[in-house]
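The values are calculated or read from the model by the stated rules, or taken from the named source; none is laboratory data. These numbers were taken from a predicted model, which means no experiment stands behind them. Heads up, the Cβs are rebuilt from the backbone with ideal geometry, glycines too, and the neighbour counts pull from every protein chain shown.
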Amino acid sequence: MAGKYQGVQARISESNPLAKFVLCVAHTLNLVGVNAATAEVAGGKRKKKRFFDDKSEDESSEISQHKKFKLALLQVNDRIEAELERRFQSIQKVNEIFGFMSPKQLTTLDNKTLREKATTFANLYRDDLDKEHLLK
């Protein structure tokens with residue numbers, strides 16, 4: 001949730017509703033890795049002492065370890081996919097507001113569409129921008 005409702009993000013949004021939140025890639029992937037590592041360690045079994053002739057249990061634990069690894073890998077992949085989706089949604093929100101200012105958009109958009117987007121932007125940030133100066 002990234003503090004969306006009770007954390008720092010919520011407090012910043014209270015003081016400035018126009019502030020936009022964009023996820024940090026490095027921090028998100030670090031959280032995923034730490035979560036996956038702690039989940040695997042917490043669920044692990046304690047090994048009991050084996051004698052030299054106990055091979056059948058060793059083979060079954062090797063298969064079990066392989067299944068555990070696959071499960072952990074799938075969990076990490078699911079988590080990464082969810083985080084990427086959240087990040088993509090955040091970037092889309094920012095792009096809806098500021099996307100028309102990119103050099104490609106400025107050169108390809110017709111004047112009418114560009115003026116509409118600039119007007120919407122100026123209305124959104126009316127306390128910070130001079131609308132007449134922006135739309136000249």
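It is to be established whether one or more residues within the range 119-130 are farther than 30 Å from residue 24 by Cα, modelled with pLDDT under 85 and in a helix (DSSP H, G or I).
The answer is no, given that none of the residues of the range 119-130 is farther than 30 Å from residue 24 by Cα, modelled with pLDDT under 85 and in a helix (DSSP H, G or I).
Give just the number: which of (1) surrounded by 11 or more Cβ atoms within 10 Å (Cβ to Cβ); (2) modelled with pLDDT under 80 does residue 58 not satisfy?
Of (1) surrounded by 11 or more Cβ atoms within 10 Å (Cβ to Cβ); (2) modelled with pLDDT under 80, only one is false for residue 58: (1).
Within the range 73-85, identify whether any single residue is modelled with pLDDT of 85 or more and closer than 30 Å to residue 118 by Cα, and answer yes or no.
The answer is yes; a qualifying residue exists.
Of all residues in the range 82-102 being farther than 23 Å from residue 126 by Cα and free of Cβ contacts under 8 Å to residues at least 24 places away in the same chain, which is surrounded by the most Cβ atoms within 10 Å (Cβ to Cβ)?
Filtering the range 82-102 for residues that are farther than 23 Å from residue 126 by Cα and free of Cβ contacts under 8 Å to residues at least 24 places away in the same chain, the one surrounded by the most Cβ atoms within 10 Å (Cβ to Cβ) comes out as 84.
Determine which single condition residue 124 fails, assuming it passes every other condition in (1) of a type outside the set (Val, Ile, Thr); (2) under 19 Å from residue 17 (Cα atoms); (3) without any contact (Cβ under 8 Å) to a residue 24 or more places away in the chain.
Among (1) of a type outside the set (Val, Ile, Thr); (2) under 19 Å from residue 17 (Cα atoms); (3) without any contact (Cβ under 8 Å) to a residue 24 or more places away in the chain, the lone unmet condition for residue 124 is (3).
Among (1) in a loop (DSSP other than H, G, I, E, B); (2) among the acidic types (Asp, Glu); (3) closer than 25 Å to residue 24 by Cα, where does residue 85 come up short?
Unmet for residue 85, out of (1) in a loop (DSSP other than H, G, I, E, B); (2) among the acidic types (Asp, Glu); (3) closer than 25 Å to residue 24 by Cα: (1).
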